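> First the structure, which I've put down as structure tokens, then a few questions once you've had a look.
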Amino acid sequence: DQQVKQNSPSLSVQEGRISILNCDYTNSMFDYFLWYKKYPAEGPTFLISISSIKDKNEDGRFTVFLNKSAKHLSLHIVPSQPGDSAVYFCAASAYETSGSRLTFGEGTQLTVNP
Amino acid sequence: EAQVTQNPRYLITVTGKKLTVTCSQNMNHEYMSWYRQDPGLGLRQIYYSMNVEVTDKGDVPEGYKVSRKEKRNFPLILESPSPNQTSLYFCASSLLGPQETQYFGPGTRLLVL
């Protein structure tokens, strides 16, 4: 079963507008969440993370929100830039129950149009 | 330059012919991991290693083996590859564990005929 789900395979936004990428999870034991970005023909690169003791983490144009009761997190990119066009993966870990595993979602292809 | 290297980058093989994909990192990281990326399934963890001689299964370990004899190297072994192992493989490392920034290699595209 897919414990981390990104229900939108793709998202298209205009340059300068906000991009909102969503991620849902089913395992209530997940205690740390990360977002990775992937360009074609490259490995993923780390973007931002959040611990389950927080509900928001911000880094420049990128903000991650965590809603534990809804088992939902989202990544906001403001303002969006054409260079942000990539596949975005959310990932989650649950150290106490699954050791050092990391579970990824299916990914969302973001396209930022000039 | 801090990096994770994988070799080969591309590989075409036939069913049953054993192969090894090498992974090496130069950052003195404790944690290393292998993932496969498939359309519609995202990244799935195959195996990970917390330290030398310490390895454990991820979500999709069937058909794969790993070893961690040295801190810097974490090879992925397919003893008898099958077509369902055709995929894009990534090796990654981080300082201590998956909750820290993982640095990924460039990927190995494998086709099993």
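No value in this document is a laboratory result; all are computed from the given coordinates. Please read these numbers as outputs of a predicted model, since none were measured by experiment. Cβ coordinates were reconstructed from backbone atoms using ideal geometry, including for glycine residues, and neighbour counts include every protein chain displayed.
> Dividing the Cα convex hull volume of segment A:4-113 by residue count, how many Å³ per residue is that?
Working: hull volume 10.2 nm³, N = 110.
Per residue, the Cα convex hull of segment A:4-113 comes to 92 Å³.
> For B:T22, project a label point 7 Å along Cα to C-beta. Then give me every residue of segment B:1-15 with its amide nitrogen under 19 Å of that point.
From segment B:1-15, the list is B:1-13.
> In addition: If the cut-off is 13 Å between C-alpha atoms, which aspartates and glutamates fall inside it for B:K71, apart from same-chain ones fewer than 8 positions away?
Result set, ordered by chain and number: B:E30, B:E53.
> Same structure, new question: Mind checking segment A:51-110 for trypsin sites (Lys or Arg not before Pro) that DSSP puts in a loop (not H, G, I, E or B) and that have at most 13 other Cβ atoms within 10 Å? Numbers along the way, then the final one.
Numbers: sites: A:K54, A:K56, A:R61, A:K68, A:K71, A:R101; in loops: A:K54, A:R61, A:K68, A:K71, A:R101.
Answer by residue number: A:K54.
> Where does chain A land at 222 nm, in deg cm²/dmol rounded to the nearest 500, when only DSSP H runs of n ≥ 4 count, each adding -39500 (n - 2.57), divided by all residues? The partial results should precede the final answer.
Working: 1 runs with 4 residues, N = 114.
The helix contribution divided over chain A gives -500 deg cm²/dmol.
> At a Cα cut-off below 27 Å, give the lysines reachable from A:K56, other chains included and same-chain residues fewer than 8 away excluded.
Result set, ordered by chain and number: A:K5, A:K37, A:K38, A:K68, A:K71.
> Tally the DSSP beta bridges in segment A:4-113 and give the antiparallel ones as a percent, rounded to 5.
Values: 36 of 41 bridges.
Percent antiparallel among DSSP bridges in segment A:4-113 is about 90.
> Fewest to most neighbouring Cβ within 10 Å: what's the order for B:L113, A:L66, B:L41?
So the ranking, lowest neighbour count to highest, is B:L113, B:L41, A:L66.
> Let me ask something additional. What are the lysines whose alpha-carbon lies under 22 Å from the alpha-carbon of B:K17, with same-chain residues fewer than 8 places away excluded?
Cross-link targets: B:K65.
> Also: Restricting to DSSP loop positions (anything but H, G, I, E, B) with no more than 16 other Cβ atoms inside 10 Å of their own Cβ, which GluC sites (Glu not before Pro) remain in segment A:1-109?
Working: sites: A:E15, A:E42, A:E58, A:E96, A:E106; in loops: A:E15, A:E42, A:E106.
Sites meeting the loop and neighbour criteria: A:E15, A:E42.
> Take A:V112, A:V64 and order them by how many other Cβ atoms sit within 10 Å, fewest up front. Walk me through the numbers before you get to the answer.
Details: A:V112 21, A:V64 24.
With the sparsest Cβ surroundings first, the list reads A:V112, A:V64.
> If I build a Gaussian network model for chain B, linking alpha-carbon pairs within less than 10 angstrom, which residue out of B:S93, B:S24, B:S33 has the largest mean-square fluctuation?
Highest fluctuation of the listed residues: B:S24.
> Connecting C-alpha atoms closer than 10 Å in a GNM of chain B, tell me which of B:Q99, B:Q85, B:Q25 has the biggest fluctuation.
Looking only at B:Q99, B:Q85, B:Q25, the biggest GNM fluctuation is shown by B:Q99.
> Let me ask you something else. Can you sort A:H76, B:H29 from fewest to most other Cβ atoms within 10 Å of each residue's own Cβ?
A:H76, B:H29
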